[in-house]
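Participant: Provided herewith is a single structure, encoded as structure tokens, for subsequent inquiry.
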Amino acid sequence: VVIKALKATLEQRQNDKEDLSGRLQRTNIQFERLTVRDQESDQRLAVTLQEFASGRGLSLALAIGGFALTYLVLIGLSWLVGRVAHRGYEPGTRRMTRVIALCFRLLTLVLALFVAALVLYVRGDWLLLGLLILLVIGLLWGLRQSLPGYMREIRVLLNMGSVREGERVLYYGIPWKIASLNLYSTLYNPLLRGGTLRVPLDKMVDLQSRPYTSDEPWFPSQENDIVMLDGDIYAKVLLQTPEFVQLQIIGATTTFTIADYLGSHPRNLSQEGFAVPIVFGLDYGHQQKILADIVPNLRIYLADQLKEQPFHPYMTNLLVEFNEAASSSLNLLIVAVFSGAGAEYYWSIRRFLQYAMVNACNQYGWTIPFNQLTVHFPSAPPPPLPLPFLKT
């Protein structure tokens, strides 16, 4: 019984072995088929790429290369001729030059496309040549539809619009010089740090430029200038850019936007000079001698006192005049005029003039009035008249 069982088991194992061997053979055959198929696919891909590289791919590369080479050579030649022809001239002053330049750009594009088409024609690649022709026709159709909407931009590019190269334009409240007109125009302000802007063409068409003279200011101040803002705010300009202005006010740094700074109406004390006026009143008791005596003596006295001050070298004029007969005083007008180099002494000058006036009054015995209110009472009213006797 045991022997029979062992024989049966042995037969079963042999059958399993044969079955597994058959599966292994089928698996190896499938693997070999897949390997051969992949190798054939790789070979076909390599052959396809090689055919494309030596055929249509080469034609496409030659056409693109011919287009790029023709375009770059002609553009470079145009730039070189323009540099030589306009040496010593203000850029953009000749309108015809821009028209010729634009026509040359269009001609350059046409010639570059012609070279690309010629390469495809010589290579006999009719498919790519047909696609190129269809592309050109599509571009021309698109231009026919959209070109009328871009006439203003074209006029600006030709330097024939409302803005012109080399002129002055107001952009966001700041004057700028138009250095160049292009798809991105260049604006320049010499008084601003980083004062160069690139402005797109669609924003330039809405602006209006004008010619300017050499003495026109480009900004109310320069860095290190002394300015007076609204409210008699004394400040020194530390930094000014197209976006903001930094001022030193009472020792602290304060930043203003350009709009806020210009809106505060800065008065520049450092450029053309400045004047410090004060009005000083004397009592009406000096009415007889204020014109013939007090005014001339006060002018001499102030001139002598100013000679001893550190800001005297910057003084250009001194005015002492009778100003007005006010309600309670005879007012004198004192105006000291200084060059811009003495702007940092502005408050010192104002304080000194007040001090010198009080000192002059003490020295010459002049009376300084104070506000007075005089009340005038009418005389005593007459007694009432007796009433008439009424008869019944």
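Participant: Which order do TYR184, TYR346 take when ranked by solvent-accessible area (1.4 Å probe, heavy atoms of all protein chains), largest first?
Facilitator: Correct descending sequence by accessible area is TYR184, TYR346.
Participant: I'd like to compare 126-137, 57-68: which one has the highest average count of other Cβ atoms within 10 Å, and what's the full order after that?
Facilitator: 57-68, 126-137
Participant: How much accessible area per residue does region 197-332 have, in Å², with a 1.4 Å probe?
Facilitator: Roughly 55 Å² per residue, with all protein chains present.
Participant: Residues with amide H under 5 Å of SER209's amide H, sequence separation 5 or more or different chain, H placed in the peptide plane at 1.01 Å from N; which?
Facilitator: Long-range HN contacts for SER209: VAL163, ARG164.
Participant: Measuring from centroid to centroid over Cα atoms, what is the spacing of region 202-262 and region 277-345 in Å?
Facilitator: Result: 33 Å between the Cα centres.
Participant: Let me ask something additional. Hey, can you grab everything whose amide H is under 5 Å from the amide H of ASP225? Only 5+ residues off in sequence or another chain; H modelled, so Pro and N-termini drop out.
Facilitator: VAL237
Participant: Per-residue counts of other Cβ atoms within 10 Å, averaged by peptide: what ranking do you get for 245-256, 4-15, highest first?
Facilitator: The packing order, highest mean first, is 245-256, 4-15.
Participant: Treating only the Cβ of Lys, Arg, Asp and Glu as charged (+1, +1, -1, -1), what charge dipole size does region 121-274 show about its Cα centre? Round to the nearest 20 debye.
Facilitator: 660
Participant: Top to bottom by accessible area (1.4 Å), largest first, where do HIS312, HIS265, HIS286 land?
Facilitator: HIS265, HIS312, HIS286
Participant: Still on this model: Take ASP232, ASP283, ASP125, ASP215 and sort them by solvent-accessible surface of the protein heavy atoms, 1.4 Å probe, largest at the top.
Facilitator: ASP215, ASP232, ASP283, ASP125
Participant: Please give me the summed charge of the neighbours of LEU129: other residues whose Cβ is under 14 Å from its Cβ, Lys and Arg +1, Asp and Glu -1.
Facilitator: So the environment of LEU129 carries a net charge of +1.
The values are calculated or read from the model by the stated rules, or taken from the named source; none is laboratory data. These figures come from a predicted structure and were not determined experimentally. Note that we place each Cβ from the backbone using ideal geometry, even for glycine, and neighbour counts take in every protein chain shown. Ligands, DNA and RNA are excluded from the accessible area calculation, which covers all protein heavy atoms including side chains. Shrake-Rupley method; radii C 1.70, N 1.55, O 1.52, S 1.80 Å.
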